[in-house]
Structures are given as structure tokens and as C-alpha cells.
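The values are calculated or read from the model by the stated rules, or taken from the named source; none is laboratory data. Here the structure is a predicted model, which means the values were calculated and not measured. Every residue, glycine as well, gets a Cβ built from its backbone with ideal geometry; the counts of neighbours run over all protein chains shown. In case anyone asks, the SASA skips ligands and DNA or RNA and just uses the protein heavy atoms, side chains included. Shrake-Rupley method; radii C 1.70, N 1.55, O 1.52, S 1.80 Å.
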Amino acid sequence: MDMDAITEITPQHPHWPAGLRDLYERMPQRLWVRGETAVLALPAVALVGSRASTPQGNVNARQIADRGGDAGFAVISGLAYGIDAAAHSAAVSRRMPTVAYLATGVDRVFPAGHHDLAQSIVDSGGALVSAYPPGSAPTRERFLERNGLIVTHARATAVVEAGFRSGTLNAARQAREAGRPVGAIPGPQEVAQYAGCNALIRDGHASPITTGDELLALIPQGLG
């Protein structure tokens, strides 16, 4: 198979992500995939978080990604700097399945600095996925829609780091609306990257987690 080929799939495709059906009328009617479509049919966990991640946040993302992969889950994220990159890189380094949802066409990597990471995801048997046709440029609305695809595809979402006004909080909200459990890693009050995580936990919108096992434990029985 040409791993750089772009495949267009519809909800009738055998590898269509089952979780996306919970978006109902908001479910895209096409996805463009660069890489292995079969990875989309695997059970998955999502990792989201700050683009300006801390070193400890990157360690936490790698640990959760490793544990998810060991348990047979694909690692889903959005190819952004920071936590997304740490999660994808952890999966690629161990040749575990990982999927990056993009707010651009799959032929147009954003940010451009992640061209090599995107290629490594494809080369290691993962996939780049977009609800937008090749050539599409990123917009704020598309990033928000991309967040919804990430967290609805997954069985559970880990918010590894998030600032108080982080776009990651939008992803957490969409996960809750889709009925997906959300775990957030608590952190020191004085560290800005944990303000959003601490708020999610305080307001009852996320369960506190510190490990991949704790994230997996949030998945309802029978959905693993």
C-alpha cells in the first residue's frame, strides 16, 4: 500500500470510526485519510493539552500514551505542539497505533514544523485524518470541530495540561457532551498550565488522574 496515498471514506466504510456516530447530525459525511485506515477502527484514547507544555507534562503524556498503547488502544490527538506532539511521538517511538486529526487537509501539515512527525505517524502504521478536503487551510472553527472529532472518536480523554482559557477546555466540554469520560491531571496552583485541569476537577467536569491506568479505569465496562 502507498502510505502517502489519500483515501476518502464515508460512514459506510468498514473502518469508519464508530464513536463519531455519536455526533449525530454533526458527524462529517466524509473523512480524508493519509495512512492506514484500519487504525481508525481500533478502540482509542485521546490525549489533549497545552501547546506550551511543561517538561513534566510531556513526561505524563508519554506515560499515558504508552499505557494506552500497551492496553491495545490507539492514541488520538491533534498534531499540535506540546502535549499532542509528546503523545504522538511516544506512540511512534514504540510503533503503537496513533491517529492525528487535522484542522487542514491531510496534504497540508499544520504546524509546518511537524512535517516530520506527521510523516513518522504514517510510516509507523498510523494515520492523519481530516474532515476537510485536501488543500484546506486551518481556521479557528475547524480547530474546534477537530477537537470534537478527537474526543468523540475516543473512549476517554486525558487532559494532560490546560491553561485557564485554553482551547483544550473546549475539547473537554465536547467530550462530556458526547458522553465520554474525561480525566485531568492536577498540578500546582502556581503553574499556569494546570489552571484549566484544576478547574475541570474542581467543577466536577473531570476526574483526577495521574496515570494511564487511571484513565483506562474511567472507561465504562464493555467499552474498552
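Each residue in the range 148-172 was checked for being within 19 Å of GLY82 (Cβ to Cβ), part of a strand (DSSP E or B) and under 11 Å from the mean Cα position of the chain (by Cα), and 3 of them qualify. The lone criterion from (1) in contact (Cβ under 8 Å) with a residue 40 or more places away in the chain; (2) assigned to a loop (DSSP other than H, G, I, E, B); (3) crowded, with 16+ Cβ neighbours inside 10 Å left unmet by ALA175 is number (2). Residues in the range 190-219 that are within 17 Å of ASP70 (Cα to Cα) and in a helix (DSSP H, G or I): GLY212, ASP213, GLU214, LEU215, LEU216. Of the residues making up the range 48-96, those that are within 20 Å of ALA131 (Cβ to Cβ) and either in contact with a strand residue (DSSP E or B) (Cβ under 7 Å, 6 or more places away or on another chain) or assigned to a helix (DSSP H, G or I) (or both) are VAL48, ALA74, VAL75, ILE76, SER77, GLY78, LEU79, ASP84, HIS88. ARG67 fulfils the conditions (1) under 26 Å from VAL191 (Cα atoms); (2) open to solvent by 40 Å² or more (accessible area, probe 1.4 Å); (3) out of contact with any helix residue (DSSP H, G or I) (no Cβ under 8 Å at 6 or more places or on another chain) except for a single criterion, (3). Residues in the range 29-45 include at least one that is within 24 Å of ILE209 (Cβ to Cβ) and open to solvent by 50 Å² or more (accessible area, probe 1.4 Å). When you scan the range 7-16, do you find a residue that is over 30 Å from ARG165 (Cα atoms), part of a strand (DSSP E or B), over 19 Å from the mean Cα position of the chain (by Cα) and of a type in the set (A, V, I, L, M), even just one? Yes: one or more hits. Among the residues of the range 98-147, those identified as farther than 25 Å from LEU23 by Cα, in a helix (DSSP H, G or I) and among the polar types (S, T, N, Q) are GLN119, SER120.
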